[in-house]
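Structure first, then comments.
The values are calculated or read from the model by the stated rules, or taken from the named source; none is laboratory data. Predicted model, so just to flag it, every value in this text is computed and none were measured. Ideal geometry is used to build each Cβ from the backbone, glycine not excepted, and the neighbour counts take in all protein chains shown. In case anyone asks, the SASA skips ligands and DNA or RNA and just uses the protein heavy atoms, side chains included. Shrake-Rupley method; radii C 1.70, N 1.55, O 1.52, S 1.80 Å.
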Amino acid sequence: MEILRQLKIDRHPMIQGLHTFSVRVTPDATMTSIRGCSDEGSLLLDIQAPRMGGNQTVVSFLREVLGLTEGELKITKGERSTLKTLRVAVADAEMIRIRMADFCLGA
């Protein structure tokens, strides 16, 4: 998905292999899916879960998409908001885009 090139991924300034990106969540969707990216560079994610309690769905879904273990992806900001910041432990930020695009093409 070419639109995922717009995804803004920031590298941690002091710890190699840590990156952050933001996710704009739309709860109560008919299915959990990646919709694309906002103009600001946030990932747009529809989730089937209700607004309250949707964090676990967000984390589980993105771990599966990115092929990460439990400790490699975490919500660091916005646990009670639809705009969340996630921290991901990967060596290369481009891997995040590639795995999301692969998932979208296969979905």
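Here are some notes:
- Among the residues making up the range 12-21, a single one is open to solvent by 30 Å² or more (accessible area, probe 1.4 Å) and within 12 Å of the chain's Cα centre (by Cα): THR20.
- Positions within the range 47-59 being modelled with pLDDT of 95 or more and either surrounded by fewer than 16 Cβ atoms within 10 Å (Cβ to Cβ) or in contact with a helix residue (DSSP H, G or I) (Cβ under 6 Å, 6 or more places away or on another chain) (or both), in sequence order: ILE47
- Total residues in the range 91-107, condition over 13 Å from the mean Cα position of the chain (by Cα) and aliphatic (A, V, I, L, M): 3
- Filtered by the rule that a residue be part of a loop (DSSP other than H, G, I, E, B) and either open to solvent by 80 Å² or more (accessible area, probe 1.4 Å) or of a type in the set (Ser, Thr, Tyr) (or both), the range 60-78 gives a lone residue, THR69.
Yes or no, residue by residue, for (1) of a type outside the set (Ser, Thr, Tyr); (2) farther than 24 Å from GLY106 by Cβ; (3) assigned to a strand (DSSP E or B):
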{"position": "GLN16", "(1), (2), (3)": "yes, yes, no"}
{"position": "PHE21", "(1), (2), (3)": "yes, no, yes"}
{"position": "VAL25", "(1), (2), (3)": "yes, no, yes"}
{"position": "GLU40", "(1), (2), (3)": "yes, yes, no"}
{"position": "LEU45", "(1), (2), (3)": "yes, no, yes"}
{"position": "PRO50", "(1), (2), (3)": "yes, yes, no"}
{"position": "THR57", "(1), (2), (3)": "no, no, no"}
{"position": "ARG80", "(1), (2), (3)": "yes, yes, no"}
{"position": "THR85", "(1), (2), (3)": "no, yes, yes"}
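- Test result for LYS84, open to solvent by less than 30 Å² (accessible area, probe 1.4 Å) and either more than 17 Å from LEU4 (Cβ to Cβ) or in contact with an Asp or Glu (Cβ under 6 Å, 6 or more places away or on another chain) (or both): yes
So that you can scan it fast, the table gives a plain yes or no per residue for (1) among the aliphatic types (A, V, I, L, M); (2) in contact with a Leu (Cβ under 6 Å, 6 or more places away or on another chain):
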site: ALA29; (1), (2): yes, no
site: CYS37; (1), (2): no, yes
site: GLU40; (1), (2): no, no
site: LEU44; (1), (2): yes, no
site: GLY54; (1), (2): no, no
site: THR57; (1), (2): no, no
site: SER60; (1), (2): no, no
site: VAL65; (1), (2): yes, no
site: LEU68; (1), (2): yes, no
